[in-house]
Ligand code: HEC
Ligand SMILES: [Cu+2]
């Protein structure tokens, strides 16, 4: 009896501990919770994924409760009793009904889970790109993100700008994911599932954020020692703000006389081998394009914010 009580108590404590971990993690930091909460999707692919995971969680949760109840029932009802210490329990061999049941029911459950998953995979991965979609090429580098808007002639780094997509006027953004060196993974929990950027293997993803604002994410694949500092930001703009941002990014760099000395230093040293600034001799591709560096809110893969 004591053993059964111990088992039940341990099980109860484990469940309570798990629950405590989940609730404190969720309540820890409200600002980061709202920005990276996988349960608060703001875009169609992210929503489909959350719905699927809740469905799978519900089914597996029911299985857990049924199995655990039967287990607790069995270990308490059929525990060792002093009265029957010397006798064997009834031995049962082969039962077609039971064996059929425990073969067919799990197969049905697996088929249901498989079909539900295949449906979401198809809806997310095979979505056709509509005519008005914004296209961005995302290139993962150790340890920063390069964004190229081939249709719009814009190149920037780390902070992605995309238009909001209201259901009346869908304006999804389709990303082509490439890598310049090793494997990276592009993940903005509220907007889409994570997808790897693999050298010589273009991947793609899309998102249609339904509200404006800043969304954060990070490289979700260990890509080297500075991997943890490879953050990313997505600014979801109104169509007007997005058009304005594109206009500003297309302008050549400002040639301000007050910073002429710095400009000269930049243009005459090694910086130009790795960085590009439009309208200058600098055309390096190894590091971020610095033409509109000060239009960003952060530098170095969102690691430090720019205070102007
Ligand atoms: C050997 C190549 C190389 C040289 C030379 C180089 N950089 Fe960089 N630079 C990089 C790389 C790569 C990054 C991205 C690092 C990161 O974000 O993790 C970077 C990042 C930056 C950033 C931040 C950009 C952003 O969008 O966050 C600035 C500013 C910068 N470099 C300025 C300079 C200046 C000024 C010089 C010359 C004095 C210089 N760099 C020389 C490779 C170089
Ligand atoms: Cu990375």
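The values are calculated or read from the model by the stated rules, or taken from the named source; none is laboratory data. For clarity, every value in this text was computed on a predicted model and none was experimentally measured. Ideal geometry is used to build each Cβ from the backbone, glycine not excepted, and the neighbour counts take in all protein chains shown.
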message: Which pairs turn up if I take residues in the stretch 209-228 that are over 15 Å from residue 183 (Cβ atoms) and at pLDDT below 95 and look for partners that are in a helix (DSSP H, G or I) and away from ligand 1 (no atom under 16 Å from the Cβ) with beta carbon separation below 6 Å, at least 6 apart in sequence or on another chain?
response: 216/35
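Within the stretch 272-295, which residues are within 9 Å of ligand 1 (Cβ to nearest atom), surrounded by 15 or more Cβ atoms within 10 Å (Cβ to Cβ) and modelled with pLDDT of 90 or more?
Listed by number, the residues that qualify are 272, 275, 284, 287, 288, 289, 290.
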field: Residues (part of a helix (DSSP H, G or I), touching a residue at least 12 places away in the same chain (Cβ under 8 Å) and exposed (fewer than 12 other Cβ atoms within 10 Å of the Cβ)) located in the stretch 240-254
entry: 248
message: One residue is enough: does the stretch 187-202 have a residue meeting the conditions without any contact (Cβ under 8 Å) to a residue 12 or more places away in the chain and over 28 Å from residue 304 (Cβ atoms)?
response: yes
query: Considering the stretch 125-154 alone, what residues qualify as being in contact with a helix residue (DSSP H, G or I) (Cβ under 7 Å, 6 or more places away or on another chain) and outside any loop (DSSP other than H, G, I, E, B)?
result: 154
- line: Scanning the stretch 215-238 residue by residue, the ones that are more than 8 Å from ligand 2 (Cβ to nearest atom) and either surrounded by fewer than 14 Cβ atoms within 10 Å (Cβ to Cβ) or part of a strand (DSSP E or B) (or both) total 14
- line: Within the stretch 255-271, the residues that are more than 8 Å from ligand 1 (Cβ to nearest atom) and in contact with a helix residue (DSSP H, G or I) (Cβ under 9 Å, 6 or more places away or on another chain) are 255, 256
Odd one out for residue 181, checked against (1) away from ligand 2 (no atom under 16 Å from the Cβ); (2) in contact (Cβ under 8 Å) with a residue 24 or more places away in the chain; (3) not in a strand (DSSP E or B): (1)
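The rows are residues; the columns are (1) outside the structural domain of residue 244 (by TED's automatic domain parsing); (2) surrounded by fewer than 17 Cβ atoms within 10 Å (Cβ to Cβ); (3) closer than 20 Å to residue 44 by Cα.
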residue	(1), (2), (3)
139	no, no, no
155	no, no, no
177	no, no, yes
192	no, no, yes
198	no, no, no
211	no, yes, yes
